[in-house]
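As structure tokens, the structure follows; a few thoughts come after it.
The values are calculated or read from the model by the stated rules, or taken from the named source; none is laboratory data. The model shown is predicted, which means the values in this text are computed figures rather than measured ones. Virtual Cβ from ideal backbone geometry, glycine too; neighbours counted across all protein chains shown.
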């Protein structure tokens, strides 16, 4: 089987590098185009990017020539977008119009009515919006988005709890510095400190969660009816968002019910190359999950949970630039392929 | 006026050192006795203790001879206890029986029915329990305790919100490493990490808050009727516990109501030497309070709040070994003096 | 006595803020002008600057209006310069030409032949260059510089060792992140890491040390004859540069000789308000000095030494933005005042 | 080929866990015995040990029953020792006497005259001391040791420079916290700090380096004639010792000569499973090597160098618990097997 040609938009940044790491040896996709800002376009990728990951930059990638972020210059069937919000807002539709499938990690279009916001294990049926989108807009391609990193960890764990009748959710996050990009958090800001504020993060968590857990009625998404209240904090951790979650549920499940729901959660996607097993790992130790110890489980795609207590309260944690960003888009793309949309 | 003679029990540890720092130049108290374990007793304090604070060890303290933790060996009117829980449980009553006032930071006796658990700005009237205690036990002295560090920060901010009819409280804490004592948290445990568990901390917060905000009916404390649900985490911060709090209230106050309540909060204790002004500092910046920037406000006794949002949600933060430990006991002792109990 | 009018050039940055902190209650100087880039000029200082120090921004400073970095707009007798190098190179001479005394922390002019590079305790006689400078350039004012932060700590400790015949110096530094400015070191760069490179730092240490310890022959400085070899590293410390130094000396002094030389070092400047006592503090503990514990000694102006071992090897440490930057310029200004140059 | 039976002494600690990680899937060795203190003996390993590594504990290891550190209870051909020094001093000879090959990471016997101290790439010929040792002591087995972690990184890089006539070495280390064991460095000690002292470390580096680079004359080791002067520091890094090294050499090689010597270094041991390729990696970037980015090169066995400057000065860095501890012993064992000593 010929591989699907894949491009990366915003290829030189933090998430762009994760895309390359995940796609360079992917069984279904083949990296054919790396697009970045005009400053980088025309250079070899190895010169244009300051490679920040521990893994070495793949040699063949290093030699690729960066192209501009322009549908006419990009050679691909699908593009993965790590573009900044402003740019994503105008550029992603251009690519979709030009016939590309766009799997976007940007926040720009997530809440747009006819654009699906998807986590494969949570709401694959929302991909039905693609038809609505193409109808509405007369596009040959389409845009599919994945949620914000903080939203993803929590929502994966909420999915198996939906059956208990979720009524209200409280979330306090302790988020890693990599979530803000390489230069996003100054060391003088975070050393020996907590920053109890992340720009627009709480709004994203609150709106995205309700869309993700909402119902697709054939033409649009009806938001889930419960309230979400988030308080987001930055802590001195490299990778891995840790989240303290309270879920109030109509059925008053016991902690054992919750644990069983997590353990039994199987979205049936084990045929996707990036899908981890299990999707949710239940930690039995009293002081886990911890970001440094558990963030790389399942290649960074597993969401770990622990400390399930009456309330219901628990802790969930996952790798914010893999499960929470690049890996989220890649998994969406794999699902699109499986569903014959690629 | 002659100063009141003060002793410190458990004088060599983390909190013991803070007691010494706060008492060595105190206008009302005079350090007359430093008591510690048999390993230290008989030595000069300067040799017995590894001084860990940035401030220099007071010279006259360095030369004092450490005595055993024994009412017969301690020369003082009041003793400040930084003893470990096990020891506190048996030793503090011995001191009270022998006629000492005991201002304790230990958790051992906090929840005992006839022992007051007090924050001067929150529930000074609970000191009425001293008479009950002395009646019950036929003690000449008495024991007064202060709450756990995490409880204190939150409860100081809850006091001015009581008028809105508190119904339920959620708390996620991000606690400093100094709360666990000098050797309490290994660097390998916490570097690039969050530990989402602190032994017995959540139970303490939940029970202590309800006692503190309860009513003294002349013979006992009737717990406050609302539920408290806590999720406690350790982060890589030296001093200063940061707490994300949700308070559900019957009156549905606006964020502006809450802010005004904080700004107007004045417990009328400005004649106590350690009382900060203001008690609660409202930070207007969108990303404050932060532990490294705000923990030393009011000599470490101010509780900072910020990010008041609908929910009602807000952040509070205070210095855990000053406001949350040694300073809490010292402030209690100052209140006792003001009320003629010393 | 009327206070001397003082301005700060580059008032909004890291070092600019330290200047303000040190000058706002200075007994000899009065802050009369705060100059910064065009982006800030015209605004209230409190709005133009993001105040990053733990101490609160002085209220009267907060209300001052920022002026442009222009000799015509600055009202002062002396200006303290925290300008970036490029700008300092052209702007500082303009101020000197216009009659201002300029006490500069910038590196731009440090190695210029007729511009004194001074640490008051090391080479006050180099201020004789001011006359040469004014002669050469027909300036009414003058420029005096202080060295790089890393140079200062080491050179203060070398001064009392000069009598043993210094022949060669090796220096490995472990430098604080504040040395690079607030946004200078990304948290993703330094968390769980050491960066063994600081741009131009080693060259500065090597050339500046030789000028500082050189001889002023009435018309120019003759560099000290020994070699200096530096290896500079960035570590995860907020403030305080720690330096491992080896000094090879002709006289082969013992470790006891070295310790005595440090203890007896008295430059006779105790009448300067910012001069610490002692200038060099010898730590007896086997594991000191340490930046977190000792950087604030003497208000941040003391240089601590310890671990004097055969070789001769020792550790020195000092606060890089106080003793190593703002405080260095202020101390130079105090010396200028004492010598009648202001 | 049957695998060689391998035991681990001190199996529950930090280095013991690294031994297990490296041996559990080793092509030549088979883990047959895990020995630890009486507190652990008799328990399943999974219960006795707090597994601290990111990799999961191998399942078959988790179920092994821990035995006492006693030659009669250990079933193995070779034992890897991660024992504390005191214990190693008496126990390792007992195992050697009882016929075991002992590959020890403990410091107890390293400097004993008839016990080889070996890095395979540096001084494999020193294994000739095994015969001397067995003659002297009438042992059926023998003890082979590897150096201290700090010594190893530097000495691997000194080996290819021996040809230039090394005369003097200066070393300033910035060492990771994992070198002190899990509870070795309190977080309150090292956060925002440098500790410029590590107990006995400087002495170890100075004596071990001279033994390693000394000559085996058939009956004993004649120390290398040059002096080594070390200054050892602890910094806030999880794994990876960074070392600033100066090497004075008779031949005055250029920086290019040094680089070539590193690049050409090939000890011819590529048939050993744990031997990395290359042994020394020369980093071209101006700010490398860095511990977080480079410590896992070659599975943690590569020593990285960079910043080669006149002096000759350079930086070397390697993983202290792999290349510097467990991996060092395993590589020695592989060399012993290759030489027919197992």
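Structure data summary
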{"read-out": "So residue A:202, is it within 9 Å of chain B (Cβ to nearest Cβ), without any contact (Cβ under 8 Å) to a residue 40 or more places away in the chain and in contact with a strand residue (DSSP E or B) (Cβ under 6 Å, 6 or more places away or on another chain)", "value": "yes"}
{"read-out": "Selection status of residue B:139, more than 18 Å from residue B:13 (Cβ to Cβ) and part of a loop (DSSP other than H, G, I, E, B)", "value": "yes"}
{"read-out": "Of the criteria (1) in a loop (DSSP other than H, G, I, E, B); (2) closer than 29 Å to residue A:131 by Cα; (3) within 13 Å of chain B (Cβ to nearest Cβ), which one residue A:225 fails", "value": "(3)"}
{"read-out": "Test set (1) surrounded by fewer than 24 Cβ atoms within 10 Å (Cβ to Cβ); (2) touching a helix residue (DSSP H, G or I) at 6+ places or on another chain (Cβ under 8 Å) - residue B:8 fails condition number", "value": "(1)"}
{"read-out": "Residue A:13 being under 24 Å from residue C:189 (Cα atoms), touching a residue at least 24 places away in the same chain (Cβ under 8 Å) and not assigned by TED's automatic domain parsing to the domain that holds residue A:239", "value": "yes"}
{"read-out": "Subset of segment C:228-242 that is touching a helix residue (DSSP H, G or I) at 6+ places or on another chain (Cβ under 8 Å) and outside any loop (DSSP other than H, G, I, E, B) - its residue that is surrounded by the fewest Cβ atoms within 10 Å (Cβ to Cβ)", "value": "C:229"}
{"read-out": "The lone exception for residue B:245 - which of (1) within 14 Å of chain A (Cβ to nearest Cβ); (2) surrounded by 20 or more Cβ atoms within 10 Å (Cβ to Cβ); (3) closer than 28 Å to residue D:189 by Cβ it fails", "value": "(3)"}
{"read-out": "Selected residue [within 14 Å of chain A (Cβ to nearest Cβ), touching a strand residue (DSSP E or B) at 6+ places or on another chain (Cβ under 9 Å) and either closer than 20 Å to residue B:229 by Cα or modelled with pLDDT under 95 (or both)] from B:160, B:196", "value": "B:196"}
{"read-out": "Scope segment D:285-295; condition within 12 Å of residue D:241 (Cα to Cα) and more than 8 Å from chain C (Cβ to nearest Cβ); matching residues", "value": "D:294, D:295"}
{"read-out": "Residue in segment A:205-222 that is in contact with a strand residue (DSSP E or B) (Cβ under 6 Å, 6 or more places away or on another chain) and over 20 Å from residue A:119 (Cβ atoms) present", "value": "no"}
{"read-out": "Any hit, segment C:319-337, residues being touching a residue at least 12 places away in the same chain (Cβ under 8 Å) and surrounded by fewer than 21 Cβ atoms within 10 Å (Cβ to Cβ)", "value": "yes"}
{"read-out": "Residue C:257 being within 12 Å of chain D (Cβ to nearest Cβ) and either assigned to a helix (DSSP H, G or I) or in contact with a helix residue (DSSP H, G or I) (Cβ under 6 Å, 6 or more places away or on another chain) (or both)", "value": "no"}
{"read-out": "Flag for residue C:284 being in the same structural domain as residue C:302 (by TED's automatic domain parsing), touching a strand residue (DSSP E or B) at 6+ places or on another chain (Cβ under 8 Å), surrounded by fewer than 24 Cβ atoms within 10 Å (Cβ to Cβ) and part of a loop (DSSP other than H, G, I, E, B)", "value": "yes"}
{"read-out": "Selected residue [in a helix (DSSP H, G or I) and at pLDDT 95 or above] from B:96, B:106", "value": "B:96"}
{"read-out": "Any chance residue A:20 is over 20 Å from residue A:182 (Cα atoms) and either assigned by TED's automatic domain parsing to the domain that holds residue A:111 or more than 18 Å from the chain's Cα centre (by Cα) (or both)", "value": "no"}
{"read-out": "Number of positions in segment B:75-93 that are over 18 Å from residue B:320 (Cα atoms), in a helix (DSSP H, G or I) and either under 19 Å from the mean Cα position of the chain (by Cα) or assigned by TED's automatic domain parsing to the domain that holds residue B:201 (or both)", "value": "5"}
{"read-out": "Odd one out for residue A:167, checked against (1) surrounded by fewer than 20 Cβ atoms within 10 Å (Cβ to Cβ); (2) touching a residue at least 40 places away in the same chain (Cβ under 8 Å); (3) in a loop (DSSP other than H, G, I, E, B)", "value": "(3)"}
{"read-out": "Single condition residue C:274 does not satisfy, out of (1) assigned to a loop (DSSP other than H, G, I, E, B); (2) more than 14 Å from chain D (Cβ to nearest Cβ); (3) surrounded by fewer than 24 Cβ atoms within 10 Å (Cβ to Cβ)", "value": "(3)"}
{"read-out": "Residues (under 17 Å from residue C:75 (Cβ atoms) and either surrounded by fewer than 22 Cβ atoms within 10 Å (Cβ to Cβ) or over 17 Å from the mean Cα position of the chain (by Cα) (or both)) located in segment C:98-111", "value": "C:98, C:99, C:100"}
{"read-out": "When residues of segment A:170-187 are limited to those that are more than 13 Å from chain B (Cβ to nearest Cβ) and part of a loop (DSSP other than H, G, I, E, B), the one surrounded by the fewest Cβ atoms within 10 Å (Cβ to Cβ)", "value": "A:183"}
{"read-out": "Only listed residue being more than 25 Å from residue A:238 (Cα to Cα), under 17 Å from the mean Cα position of the chain (by Cα) and more than 14 Å from chain B (Cβ to nearest Cβ), chosen from A:155, A:145, A:151, A:207", "value": "A:207"}
{"read-out": "Residues of segment A:228-242 classified as over 19 Å from residue C:191 (Cβ atoms) and more than 8 Å from chain B (Cβ to nearest Cβ), total", "value": "3"}
{"read-out": "When residues of segment C:260-271 are limited to those that are assigned to a loop (DSSP other than H, G, I, E, B) and in contact (Cβ under 8 Å) with a residue 24 or more places away in the chain, the one surrounded by the fewest Cβ atoms within 10 Å (Cβ to Cβ)", "value": "C:271"}
{"read-out": "Residue satisfying condition, being away from chain A (no Cβ under 14 Å), in contact (Cβ under 8 Å) with a residue 40 or more places away in the chain and in contact with a helix residue (DSSP H, G or I) (Cβ under 7 Å, 6 or more places away or on another chain), within set B:312, B:280", "value": "B:280"}
